[in-house]
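The next block holds one structure in the form of structure tokens; read it before the comments.
The values are calculated or read from the model by the stated rules, or taken from the named source; none is laboratory data. Just so it is clear, the structure is predicted and the values come from calculations on it, not from any experiment. Ideal geometry is used to build each Cβ from the backbone, glycine not excepted, and the neighbour counts take in all protein chains shown. Areas reflect the complete protein model, heavy atoms only, side chains present, ligands, DNA and RNA absent. Shrake-Rupley method; radii C 1.70, N 1.55, O 1.52, S 1.80 Å.
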Amino acid sequence: MFEALSGKLNGVFDRLRRRGALTEADVAEASREVRIALLEADVALPVVKDIVAKVRERAVGQEVLRSVSPAQQVIKIVNDCLVEALGGGEGVEHVPGISLNAASPVPILMVGLQGSGKTTTSGKIALRLRTREKKKVLLASLDVHRPAAQLQLETLAKQAGVTSLPIIQGQSPLEIAQRAMQVARGELYDVVILDTAGRLSIDEALMEEVAQVKAATRPHESLLVVDAMTGQDAVQTARAFNERVGITGIVMTRIDGDARGGAALSMRAVTGAPIKLLGAGEKLEALEDFHPDRIAGRILG
Ligand code: GDP
């Protein structure tokens, strides 16, 4: 793991040929390589700066160990800083996944831009909750702007073996959400997944619609679905949804692609919300728990 950065850091320390403790100068050169590696992995600049500062603070003055090379030593520090920034680390109990710790029916609100994988992820979560947790799940599409999206969710619900709320033409997203909660209460569902409409870009009308649905249904989880491939744009999306709607967690999709995953770090830093799940393919089974150490490894390449 971390071959690219490791190679560069070896170069740095070979040139320096120092013994004893890591000096300020050693660490300054190493930091430059760390900074480039993080930027290449799509981590947003302010977040890169924070992490590099932390790495410096921990590395300067550290005794060079006999058992590992200075490069490996610095990489261990970088890795630890990344894992911590992603919500993991020693002594931190990392609990991935969705919380259902509320009275039934538990509403889960799905938000995000169009094409992020929101509807697919709603189906994936429904399947997981039904099969792993034996929950009775109701899926409802609030996307009145795109009838195709409503039909897509209906198809996904069938594949996941759960029910989708019957479509009634002419209802507003708010009305659909309220009807979903009413049906869920009457028919004793455990969980209601509300799949809100996405737009190609963040706009006020979308945010207002989502905020209204949230106020009316008071979801236990508001999950932002973001495409890992969107890199730096993911940060703007996360910031906007968090400020306007408020999110409790993030699902990062398309982790099966070649994105390095730096967006996870930036989104977590900007919103403070944990990454809860990863989408790793088009199939409904392709949903993974989030492990900070695995993404840290991926970011460092
Ligand atoms: P929405 O507009 O946000 O609801 O997005 P969709 O759920 O319709 O997904 C858009 C496309 O992305 C579909 O073709 C999905 O099959 C695909 N997709 C969703 N999640 C993933 C993922 O984790 N990996 C890959 N490779 N494709 C995904």
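Starting from region 98-124, keep only residues that are closer than 16 Å to residue 189 by Cα, then list their pairs with residues that are away from the ligand (no atom under 14 Å from the Cβ) and aromatic (Phe, Trp, Tyr) whose Cβ atoms are within a distance under 8 Å, requiring at least 6 positions of separation or different chains. Within 8 Å, the pairs are 104/189; 105/189. On the stretch given as region 45-72, residues that are open to solvent by less than 10 Å² (accessible area, probe 1.4 Å) and modelled with pLDDT under 90 total 2. Quick check on region 153-167. Is at least one of its residues within 12 Å of the ligand (Cβ to nearest atom), within 20 Å of residue 286 (Cα to Cα), out of contact with any His (no Cβ under 8 Å at 6 or more places or on another chain) and of a type in the set (A, V, I, L, M)? Checked against the condition, which is being within 12 Å of the ligand (Cβ to nearest atom), within 20 Å of residue 286 (Cα to Cα), out of contact with any His (no Cβ under 8 Å at 6 or more places or on another chain) and of a type in the set (A, V, I, L, M), region 153-167 yields at least one hit.
Name the one entry in 211, 160, 216, 234 that is in contact (Cβ under 8 Å) with a residue 24 or more places away in the chain and either under 18 Å from residue 122 (Cα atoms) or touching a Lys or Arg at 6+ places or on another chain (Cβ under 6 Å) (or both). Before the answer, list the steps.
Details: 211 fails: either under 18 Å from residue 122 (Cα atoms) or touching a Lys or Arg at 6+ places or on another chain (Cβ under 6 Å) (or both); 216 fails: either under 18 Å from residue 122 (Cα atoms) or touching a Lys or Arg at 6+ places or on another chain (Cβ under 6 Å) (or both); 234 fails: either under 18 Å from residue 122 (Cα atoms) or touching a Lys or Arg at 6+ places or on another chain (Cβ under 6 Å) (or both).
Answer to the selection: 160.
Taking the numbered list (1) open to solvent by 40 Å² or more (accessible area, probe 1.4 Å); (2) among the hydrophobic types (A, V, I, L, M, F, W, C); (3) at pLDDT below 90 in turn, residue 41 passes all entries but (1). Only a single criterion out of (1) within 29 Å of residue 35 (Cβ to Cβ); (2) free of Cβ contacts under 8 Å to residues at least 24 places away in the same chain is not satisfied by residue 134, namely (1).
Can you tell me which residue is surrounded by the fewest Cβ atoms within 10 Å (Cβ to Cβ) among those in region 177-204 that are over 24 Å from the mean Cα position of the chain (by Cα) and among the hydrophobic types (A, V, I, L, M, F, W, C)?
So, considering only residues that are over 24 Å from the mean Cα position of the chain (by Cα) and among the hydrophobic types (A, V, I, L, M, F, W, C), the one surrounded by the fewest Cβ atoms within 10 Å (Cβ to Cβ) is 188.
The number of residues in region 113-147 that are near the ligand (Cβ under 9 Å from one of its atoms) and of a type outside the set (S, T, N, Q) comes to 8. Residue 133 satisfies every condition listed in (1) touching a Lys or Arg at 6+ places or on another chain (Cβ under 8 Å); (2) open to solvent by 70 Å² or more (accessible area, probe 1.4 Å) except (1). Scan region 27-44 and report the pairs whose first residue is without any contact (Cβ under 8 Å) to a residue 24 or more places away in the chain and whose second residue is part of a helix (DSSP H, G or I) and open to solvent by 10 Å² or more (accessible area, probe 1.4 Å), with Cβ atoms within less than 6 Å and a gap of 6+ or a chain change. Listed pairs, sorted by first residue: 35/52.
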